[in-house]
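Everything on this sheet refers to the single structure shown next.
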Amino acid sequence: MSAHISPDRLERQLPDAKPAYSQGEAIAEANRCLYCHGAPCVQACPTGIDIPGFIRKIATDNVRGSAKVILSANLLGYSCARVCPVEVLCVGACVYNDWHRYPPISIGRLQRYAVESVFADGGGDTLFEPAPSTGKQVACVGAGPASLATAGYLALEGVKVTLFERRQVAGGLNATGVAPYKMHVEGALMEVEFIRSLGVTIRDGVEVGRHVTAPDLLREFDAVFLGVGLGADSKLGITGEDGAGVIGATEWIERMKLEPGFGIAGVTRALVIGGGNTAIDVARELAKLGVPNVTLVYRRTAAEMPGYAHEMEHARTEGVTMLERAVPQEIVRDANGKLTGLKLEDGRALEADLVVLGIGQARLRQVAEGFTGVKLDDKGRIVADPLTGRTGNSKVWAGGDAISGGQEVVNAAQEGKRAARAICAAIGVPVRPDSPMHAGHR
């Protein structure tokens, strides 16, 4: 599992913000649940996990049964427990919120406890009984959340699935882009190994369009799923942007999580440009790593930020300051090209020895355009049926950030489950009545 990662990684300096429950803590928290009928937390979960059901099993110390309930509805239930913004999903919908007397149930931490306990005991690969081989084959392009979910559900129905991942590490943003205080790389890879244990083949270091072509996949497989995610960090297009000291947010996070020896020695003033969740994550990471002055630079007001309010509140308590109505005009460098600061359109000047750009990501148009019939919208997103993920090519489905432009892991997991159902129907694979892909929301 750890063949491609080094212990000498900067992310290891950032501890878990929500540590795993002990058995006693989990049972105590589970017993606070009211096991609501028609539970609003279930409706708030994009995958429709039976939350009261899995919590009740924890309360009776049936951890394996609990994990099976979770993973039936969401094969990525482990990472979702750790990285989902539960504050605006299941936990935000808990009935305790309306009473203003007790904290809501810690659904994410309970979900993590159940799944992590089973994975740690090596029991994940025996939770589900796969169907006999159907002889059908499906290719998934990319090994991020959407592809992993699609592949896992298909494999359980007897389909031979191969994932093609251009990086040496599978897992997508779970491995390369999640804030370490939510989950380290090891957690993402543990989930990847669970999906692999279901019978999925992962070919890492293989790039579609370079090592294998779209026509190859269409010829050799019965169906193809595109879970290619997003591309490189977007740029501002201003003077001084290219050069040392300026880096994209997702690139910075990936290097911090995976690159041996990567560090921030000498950084005392960091500016993070953007107002989304990735920008906030980077600002929090820098502050937690000890950078004395971290400022989030946003072109509008705090009320207009697309990032979650609870994440920004955490950032403030950790020492991050925010500069509103701040539109970058120029990256300032000295005569030797060394970064010294940022000039704003209104004339204000900010000192900096690190600038991180968290203003979005480009689309991976080239991969999608290699498949005849697959169309992109004016924002570069793959056009697909929202209920099935099917594209303009009858053999190609898509899901995850490639069609949404950037949502949560849990949304990608649900899109993968829906696509798996649709692919089975299209290629003539009968889905068992008790199949996990029937669990949760349709």
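A short reminder: the numbers here are calculations on the coordinates, not readings from a lab. Quantities reported herein were computed from a predicted structural model and do not represent experimental measurements. Ideal geometry is used to build each Cβ from the backbone, glycine not excepted, and the neighbour counts take in all protein chains shown.
Footprinting exposure proxy ranking of 254, 351, fewest other C-beta atoms within 10 angstrom first, gives 351, 254. Helix 145-156: angle to the longest alpha-carbon principal axis of the chain, degrees 0 to 90, nearest 10? Compared with the principal axis, the helix lies near 10 degrees. Take the Cα of residue 232, step 7 Å toward its Cβ, do the same at residue 308, and the gap between the two points is 3.0 nm. Averaging the sequence gap over all C-alpha pairs within less than 8 Å and six or more residues apart, then dividing by the number of residues, gives the chain a relative contact order of 19 percent. Working from Cα positions, state the angle (0 to 90°, nearest 10) between the long axis of helix 277-288 and the longest principal axis of the chain. The answer is roughly 70 degrees. For residue 231, nonlocal amide neighbours, meaning residues 5 or more places apart or on other chains whose placed amide H falls under 5 Å from its own, are 362, 363, 364.
Taking 19 Å as the straight-line reach from the Cα of residue 343, the aspartates and glutamates in range (excluding those fewer than 8 positions away in the same chain) are 241, 242, 324, 330, 334, 351, 353. Semi-axes of the equivalent ellipsoid for the chain, computed as √(5λ) from the eigenvalues of its C-alpha gyration tensor and ordered from largest down, come to 36, 28, 19 Å. Stretching residue 378 away from residue 18 to a fully extended chain increases their span by 125.7 nm, per 0.36 nm per residue minus the current alpha-carbon distance.
Going by alpha carbons, how many degrees (0 to 90, nearest 10) lie between the helix axis of 249-258 and the longest principal axis of the chain? The angle comes out at about 70 degrees. For the chain, a crude dipole built from +1 on the beta carbon of Lys and Arg and -1 on the beta carbon of Asp and Glu, taken about the Cα centre, is about 640 debye to the nearest 20. When Rg and the Kirkwood radius Rh are both evaluated on Cα atoms of the stretch 233-361, their ratio Rg/Rh stands at 0.93. Distance distribution P(r), the stretch 115-171, all Cα-Cα pairs, bin width 10 angstrom from 0: 22, 42, 34, 2 percent. Note on the chain: with a GNM built from Cα contacts shorter than 10 Å, the maximum mean-square fluctuation among 49, 253, 238 falls on 238.
Taking amide H positions as modeled 1.01 Å from N, with prolines and chain starts lacking one, no residue 5 or more places away or on another chain lies under 5 Å from residue 200.
For the options 88, 138, 208, a Gaussian network treatment of the chain with springs between C-alpha atoms closer than 10 Å singles out 88 as fluctuating the most. Computed from phi, the 3J(HN,Hα) profile of the stretch 186-201 under the Karplus parametrisation 6.51, -1.76, 1.60 (θ = phi - 60°) reads 4, x, 5, 6, 5, 5, 4, 5, 4, 4, 4, 5, 7, x, 7, 9 Hz, with x in place of Gly and Pro. Hey, quick one: spin label on residue 98, modelled 7 Å out along Cα-Cβ, who in the stretch 22-62 has an amide N within reach, i.e. under 16 Å? Residues 34-44 fall inside that zone. Taking springs between alpha-carbon atoms closer than 10 angstrom, which of 392, 24, 144 fluctuates most in the Gaussian network model of the chain? Looking only at 392, 24, 144, the largest GNM fluctuation is found for 24. Each residue of the stretch 211-216 was assigned a 3J(HN,Hα) from its phi angle through the Karplus expression (A = 6.51, B = -1.76, C = 1.60, θ = phi - 60°), giving 8, 8, 9, 4, x, 4 Hz with x at Gly and Pro.
Calculated mean residue ellipticity, 222 nm, the chain: -10000 deg cm²/dmol, from DSSP H runs (n ≥ 4) at -39500 (n - 2.57) each, averaged per residue and rounded to 500. Using the average count of surrounding beta-carbon atoms within 10 Å as a protection proxy, the listed peptides 68-76, 95-103, 52-60, 423-431 rank, highest first, as 68-76, 52-60, 423-431, 95-103. Cross-link reach is defined here as a Cα-Cα straight distance under 29 Å, omitting same-chain residues fewer than 8 places apart; for residue 338 the lysines meeting it are 235, 257, 288. Listed by chain and number, the lysines placed with their C-alpha closer than 27 angstrom to that of residue 68 are 18, 57, 136, 160, 182, 417; residues fewer than eight positions away on the same chain are left out. A simple spin-label model places pseudo-atoms 7 Å from Cα toward Cβ; at residue 186 and residue 64 they are separated by 2.5 nm.
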